[in-house]
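The values are calculated or read from the model by the stated rules, or taken from the named source; none is laboratory data. Predicted model only: the values in this text are computed from it and were never measured. Cβ placement follows ideal geometry from the backbone for every residue including glycine, while neighbour counts extend to all protein chains displayed. Keep in mind that these areas ignore ligands, DNA and RNA; they rest on the heavy atoms of the full protein, side chains included. Shrake-Rupley method; radii C 1.70, N 1.55, O 1.52, S 1.80 Å.
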Amino acid sequence: MENKVIPYGKQNITEEDIKVVIEALKSDYLTQGPKIKEFEDNFANYVGAKYAVALSNGTAALHLCAMALDVQKGDKVITTPITFAASANCVRYCGGEVVFGDINPETYLLDINSVKKLLEAAPKGTYKGIIPVDFAGRAVNLEEYRKLADEYELWIIEDACHAPGGYFVDSKNNKQFCGNGNFAELAIFSFHPVKHIASGEGGMITTNDKNLYNKLLQLRTHGIVKNNDLYTNTIEFAGGKENYPLWYMEMQELGYNYRITDFQAALGNSQLNRADEGLQRRREIASTYNQAFKNQAFIKGQSGAIEGHAYHLYVIEVEDRLGLYNFLRTKNIFAQIHYIPCHLMPYYRQFGWKEGDRVNAEMYYKHCISLPMYPTLTEEEQQFVIDTIDEYYTK
Ligand SMILES: *Cc1c(COP(=O)(O)O)cnc(C)c1O
């Protein structure tokens, strides 16, 4: 038992997954084939959004969202410091300024009150948007954020990388699934192997806005359009007579190549078929941890049982975090820390961010640790993790 490495997260590739990838490899398309649209349609359906755009990774998805919403040099955008750096970096790619709010110490999510404070302290129009993150798989209450965003004329990008299948319950008692586009203009997902659905590298944007959808399709492929109705050069210039010739296309904006391949989309699709199964297993694992840690004095805080939680991570806050982390490693249990506060990364310190600026996030960072959480974690392995933690605190 002690020789097998137990990581904090891990992909699960089945024989069926392998079969569909091989089929895709043997087909006429390696990229830009039919699997991509199929994956997009199925994913949009899964989260309850109208449109989905598959991309090369989640970071590219964030970048295109910021571009599609027209983030410009100097534009201020608010996000949480307890997230993967990409949630903030997308603003910088467009020359915007990242302003970090603080987290709510109970939920670990971006605290709406800290966002309100920032908005109230500046003239209206100072801020352009908010990027809340469904951290660890716990859904942000976007109904509340929408109200605030409307009041200040802001857009919302939901970073839902941790939460496919997660939801919050709105004021009318409806389940609002992460990425469904009912409150945020755009939402993004990642298919990196540690996430719920793996495609190798991969990402997705979901939206209910047709204009944004079309813009994203264009930006994904170099800013090129291939549509007679949208051309700005004349038919004559293009080399046609009554119609544009078939080869014709126009590059109208500075886009990128952020496409996913067909075989990655085939893998993503196959994984998506099992997403609910995996989610259910994640919730079982969380419930076992919750039960085991219910009355333990070494626990400072934990996410507990929350309706709609998608449990990408199972985070607890503990005393002597470093000691526990190192002890777990000696038993080949590779827990992880999510995250080092983003505002204190050297890159963001250069803009003036310093210790003490976001006290809840910084206090959380001192104690947080993410325990193994993935669908193929066995009951035996999980019990070993729980016993090892008990052993550390009782020895
Ligand atoms: C993984 C992740 C990303 C980036 O996704 P990639 O596919 O690795 O580029 C962005 N935000 C969050 C919160 C993530 O967990």
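Here are the numbers:
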quantity: Between 0 and 90°, nearest 10: helix 15-26 axis offset from the chain longest Cα axis; calculated: 20 degrees
quantity: Cα-derived Rg over Rh, computed across segment 283-329 with Rh taken as Kirkwood radius; calculated: 0.98
quantity: Tensor-based shape of segment 266-395 (alpha-carbon gyration tensor, a/c under 1.5 rounded, otherwise prolate or oblate); calculated: oblate
quantity: Rounded Å value of the spacing that divides the Cα centres of segment 162-229 and segment 4-25; calculated: 23 Å
quantity: Under Karplus coefficients 6.51, -1.76 and 1.60, residue-wise ³J(HN,Hα) of segment 331-347 in Hz, glycine/proline x; calculated: 9, 6, 9, 9, 5, 9, 10, 10, 10, 5, x, 4, 5, 9, 5, x, 4
quantity: Crossing angle, helix 262-272 versus the chain [Cα axis fit, 0-90 degrees, rounded to tens]; calculated: 40 degrees
quantity: Carbon and sulfur %, accessible surface of segment 280-345 computed with the full protein complex present, 1.4 Å; calculated: 49 percent
quantity: Whether segment 132-184 is rounded, prolate or oblate, judged on the alpha carbon gyration tensor where a/c under 1.5 counts as rounded; calculated: oblate
quantity: When each of 117/366; 35/73; 26/226; 37/76; 73/366 is checked by Cα-Cα distance, pairs over 32 Å; calculated: 35/73; 37/76; 73/366
quantity: Surface per residue (accessible, 1.4 Å probe) for the chain, Å²; calculated: 46 Å²
quantity: Per-residue HN-Hα couplings for segment 378-392 [Karplus 6.51, -1.76, 1.60; θ = phi - 60°; Hz; x = Gly/Pro]; calculated: 7, 4, 5, 5, 5, 4, 4, 4, 4, 5, 5, 5, 4, 4, 4
quantity: C-alpha center-to-center spacing [segment 338-379, segment 51-92] in angstrom; calculated: 19 Å
quantity: Three-way shape call for segment 15-272 based on the alpha-carbon gyration tensor, with the a/c threshold at 1.5; calculated: oblate
quantity: Nearest 10 degrees, 0 to 90: helix 321-330 Cα axis against the chain principal axis; calculated: 90 degrees
quantity: Long-range HN-HN contacts of residue 314 with modeled amide H, under 5 Å; calculated: 371
quantity: Rg ratio (alpha-carbon, reference 2.2 N^0.38 Å) - segment 1-152; calculated: 1.31
quantity: Antiparallel bridges, percent of DSSP beta bridges restricted to segment 15-272 (to nearest 5); calculated: 55 percent
quantity: For residue 300, residues with placed amide H under 5 Å, excluding near neighbours; calculated: 317, 318, 319
quantity: GluC sites (Glu not before Pro) restricted to DSSP loop in segment 296-345 with at most 14 other C-beta within 10 Å; calculated: 307, 319
quantity: Selection of GluC sites (Glu not before Pro), segment 218-300, meeting DSSP coil and at most 11 other Cβ within 10 Å; calculated: 242
